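Visitor: Handing you a structure now.
The values are calculated or read from the model by the stated rules, or taken from the named source; none is laboratory data. Just so it is clear, the model here is predicted, and its values are computed rather than measured. Don't worry about glycine lacking a Cβ; one is built from the backbone with ideal geometry, like all the others, and counts go over all protein chains shown. Just the protein is used for accessible areas: all its heavy atoms, side chains included, with ligands, DNA and RNA removed. Shrake-Rupley method; radii C 1.70, N 1.55, O 1.52, S 1.80 Å.
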Amino acid sequence: MEPIPLPSPIHYELLLQLLERQTLYAVNQNPSAREQVQQLIVTLRKAQSQQKQLESKFQRENIPIEHRWSLNEVAAAKTPGNSAHPE
(Lines give C-alpha, C1' and ligand atoms only; values in the text may rest on other atoms or scores of the structure.)
Protein backbone atom coordinates (compact mmCIF):
# COMPACT_ATOMS: atom_id res chain seq x y z
CA MET A 1 0.00 0.00 0.00
CA GLU A 2 1.29 3.43 -0.91
CA PRO A 3 1.68 5.90 1.96
CA ILE A 4 -1.22 8.27 2.60
CA PRO A 5 -0.09 11.84 1.84
CA LEU A 6 -0.62 14.35 4.65
CA PRO A 7 0.63 17.90 5.16
CA SER A 8 3.87 18.17 7.08
CA PRO A 9 3.21 19.27 10.68
CA ILE A 10 5.57 22.21 10.14
CA HIS A 11 2.93 23.82 7.93
CA TYR A 12 0.58 24.19 10.89
CA GLU A 13 3.37 25.47 13.11
CA LEU A 14 4.47 28.09 10.60
CA LEU A 15 0.93 29.40 10.10
CA LEU A 16 0.20 29.45 13.83
CA GLN A 17 3.44 31.27 14.65
CA LEU A 18 2.80 33.86 11.94
CA LEU A 19 -0.75 34.48 13.12
CA GLU A 20 0.10 34.53 16.83
CA ARG A 21 3.32 36.55 16.66
CA GLN A 22 2.72 38.97 13.82
CA THR A 23 -0.89 39.09 12.62
CA LEU A 24 -2.44 39.47 16.09
CA TYR A 25 0.01 42.28 16.84
CA ALA A 26 -0.79 44.01 13.56
CA VAL A 27 -4.58 43.95 14.16
CA ASN A 28 -4.40 44.73 17.87
CA GLN A 29 -6.27 48.03 17.45
CA ASN A 30 -9.05 46.44 15.36
CA PRO A 31 -11.27 44.30 17.62
CA SER A 32 -13.29 42.64 14.84
CA ALA A 33 -10.17 41.70 12.86
CA ARG A 34 -8.49 40.50 16.06
CA GLU A 35 -11.50 38.24 16.77
CA GLN A 36 -11.34 36.81 13.25
CA VAL A 37 -7.63 36.09 13.60
CA GLN A 38 -8.24 34.40 16.94
CA GLN A 39 -10.96 32.26 15.36
CA LEU A 40 -8.57 31.32 12.56
CA ILE A 41 -5.96 30.28 15.14
CA VAL A 42 -8.54 28.08 16.90
CA THR A 43 -9.54 26.53 13.57
CA LEU A 44 -5.93 25.74 12.68
CA ARG A 45 -5.34 24.19 16.11
CA LYS A 46 -8.42 22.00 15.57
CA ALA A 47 -7.19 20.97 12.13
CA GLN A 48 -3.78 20.14 13.57
CA SER A 49 -5.41 18.05 16.29
CA GLN A 50 -7.63 16.24 13.79
CA GLN A 51 -4.63 15.40 11.63
CA LYS A 52 -2.81 13.97 14.67
CA GLN A 53 -5.88 11.82 15.42
CA LEU A 54 -5.95 10.62 11.82
CA GLU A 55 -2.24 9.80 11.94
CA SER A 56 -2.79 7.80 15.14
CA LYS A 57 -5.63 5.90 13.48
CA PHE A 58 -3.45 5.07 10.48
CA GLN A 59 -0.63 3.99 12.78
CA ARG A 60 -2.94 1.65 14.74
CA GLU A 61 -4.16 0.18 11.44
CA ASN A 62 -0.58 -0.14 10.08
CA ILE A 63 -1.34 2.23 7.22
CA PRO A 64 1.77 4.15 6.17
CA ILE A 65 1.69 7.93 5.92
CA GLU A 66 3.98 10.36 4.17
CA HIS A 67 4.29 13.97 5.29
CA ARG A 68 4.42 16.21 2.24
CA TRP A 69 6.09 19.59 2.10
CA SER A 70 4.54 20.71 -1.17
CA LEU A 71 2.60 19.55 -4.19
CA ASN A 72 5.63 20.20 -6.40
CA GLU A 73 7.68 17.30 -5.04
CA VAL A 74 4.88 14.88 -5.91
CA ALA A 75 4.53 16.21 -9.45
CA ALA A 76 8.30 16.08 -9.95
CA ALA A 77 8.55 12.52 -8.66
CA LYS A 78 5.79 11.30 -10.99
CA THR A 79 7.12 12.99 -14.13
CA PRO A 80 9.30 10.56 -16.14
CA GLY A 81 12.85 11.74 -16.65
CA ASN A 82 12.46 14.62 -14.23
CA SER A 83 15.24 15.40 -11.79
CA ALA A 84 14.67 15.34 -8.04
CA HIS A 85 14.55 19.16 -8.02
CA PRO A 86 11.28 20.69 -9.22
CA GLU A 87 11.56 23.83 -11.31
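Visitor: In whole percent, how big is the carbon plus sulfur part of the accessible area of region 1-47, probe 1.4 Å, protein atoms only?
Guide: 58
Visitor: So how much slack lies between residue 33 and residue 71, counting 0.36 nm per residue of separation and subtracting their Cα-Cα distance, in nm?
Guide: Details: separation 38, 0.36 × 38 = 13.68 nm, distance 3.07 nm.
That works out to 10.6 nm of additional length.
Visitor: How charged is the neighbourhood of residue 6? Take every other residue with its Cβ under 9 Å from the Cβ of residue 6, and add Lys/Arg as +1 and Asp/Glu as -1. Please list the in-between numbers first.
Guide: On the way: positive: 68; negative: 55, 66.
It works out to a net charge of -1.
Visitor: What nm distance separates the two modelled labels at residue 47 and residue 13, each placed 7 Å from Cα along Cα→Cβ?
Guide: Going by the 7 Å Cα→Cβ label model, 1.8 nm.
Visitor: Under 5 Å between amide H atoms, partner at least 5 residues away or on a different chain: which partners does residue 68 have, H built in plane at 1.01 Å?
Guide: 6, 8
Visitor: Please list log₁₀ I(q)/I(0) at q = 0.14, 0.21, 0.25 Å⁻¹ for region 12-72, using the Debye equation with identical point scatterers on the alpha-carbon positions.
Guide: Once normalised to I(0) and log-transformed, intensities are -0.54, -0.85, -1.00.
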